[in-house]
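First up is the structure itself, then whatever we jot down about it.
Just so it is clear, none of the values below were taken in a lab; they were calculated from the coordinates. These numbers were taken from a predicted model, which means no experiment stands behind them. Methodologically, a virtual Cβ is constructed for each residue, glycine included, from the backbone with ideal geometry; neighbour enumeration extends over all protein chains shown.
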Amino acid sequence: MVVKYEKGASDVRPWGTWEILATGDHYTVKRIVVRPKQKLSLQSHAFRDEHWIIAEGTAEVTNGDEIITAPANTAIFIPAKAKHRIENIGSSDLIFIEVQTGETLDEEDIVRYEDVYGRV
């Protein structure tokens, strides 16, 4: 098992920010803020599942072949290897909590398929 996150770690991305709230042997909890009209890359992870809870705002979520509108209090499960993306379709910040579970939890476990900010 490899958990490379540490509580309190954070980062600024072109779409917003993330912060690590907690970690354990097989989990990491992140608070993610997506600015209005911004979106994360269409991506997948080989080694982790993700559980999302929309806390504030409204998202458009791509999860495999499904696209849904997700208001506050929506729970979404993203299995390992599924292509997924979240977009803030509202006019205020989208805030969601992401719980990662798996044997390897690391920012390097990202495969990007599309990215509006030119990241690979």
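Between I110 and D65, the modelled label-to-label distance comes to 2.8 nm, taking each label 7 Å out from Cα in the direction of the beta carbon.
Restricted to Cα atoms, the chain shows a radius of gyration and a Dmax of 13.2, 40 angstrom. Here the 3J(HN,Hα) profile of the stretch 87-98, calculated from phi with Karplus coefficients 6.51, -1.76 and 1.60 at θ = phi - 60°, is 10, 8, 9, x, 9, 10, 4, 9, 10, 9, 9, 10 Hz, Gly and Pro shown as x. Using the Kirkwood formula on the Cα atoms of the stretch 67-120, what hydrodynamic radius do you get, in angstrom to one decimal? For the stretch 67-120, inverting the mean 1/r across all distinct Cα pairs yields 13.7 Å. With a sphere of radius 15 Å drawn around the Cβ of R31, what net charge do the other residues whose Cβ falls strictly inside it have (Lys, Arg +1; Asp, Glu -1)? Around R31, the surrounding residues sum to -3.
How much FRET efficiency would the formula 1/(1 + (r/R0)^6) give for R119 and N73, where r is the Cβ-Cβ distance and R0 is 41 Å, rounded to 0.05? For R119 and N73, the calculated efficiency is 0.85. The lysines whose alpha-carbon is closer than 23 Å to the alpha-carbon of K4, local same-chain residues fewer than 8 away aside, are K30, K81, K83. Working note: Karplus 6.51/-1.76/1.60 with θ = phi - 60° gives the stretch 29-36 the couplings 10, 10, 9, 10, 10, 10, 5, x Hz, where Gly and Pro are set to x. Ranking N73, S91, Y27 by how far each Cα lies toward the positive end of the dipole of the stretch 2-114 (charges on Cβ) leaves S91 at the top.
For the stretch 1-40, evaluate the Debye formula with one uniform point scatterer on each Cα (no solvent term) and list log10 I(q)/I(0) at q = 0.17, 0.20, 0.23, 0.35 Å⁻¹, rounded to two decimals. Ignoring solvent entirely, the Cα scatterers give -0.48, -0.61, -0.73, -1.12. Charge tally for L21 (other residues, Cβ to Cβ under 15 Å; Lys, Arg +1; Asp, Glu -1): -2. Look at F77, F96, F47 and count the other Cβ atoms within 10 Å of each Cβ; fewest to most, that gives F77, F47, F96. GNM remark for the chain: springs join alpha carbons under 10 Å apart, and the peak mean-square fluctuation among N88, N63, N73 falls on N73.
Taking trypsin sites (Lys or Arg not before Pro) across the stretch 2-57, the ones in a DSSP loop with at most 14 further Cβ atoms lying within 10 angstrom of their Cβ are K4, K7, K37. Taking the Cβ of I97 as the centre, find all other residues whose Cβ is under 13 Å away and add up their charges (Lys, Arg: +1; Asp, Glu: -1). Taking every other residue near I97 into account, the sum is -2. The label point for K81 and the one for I53, both projected 7 Å from the Cα toward the Cβ, are 2.9 nm apart. Basic side chains Lys and Arg get +1 at the Cβ, acidic Asp and Glu get -1 at the Cβ, and with that the dipole of the stretch 72-111 about its Cα centre reaches some 300 debye.
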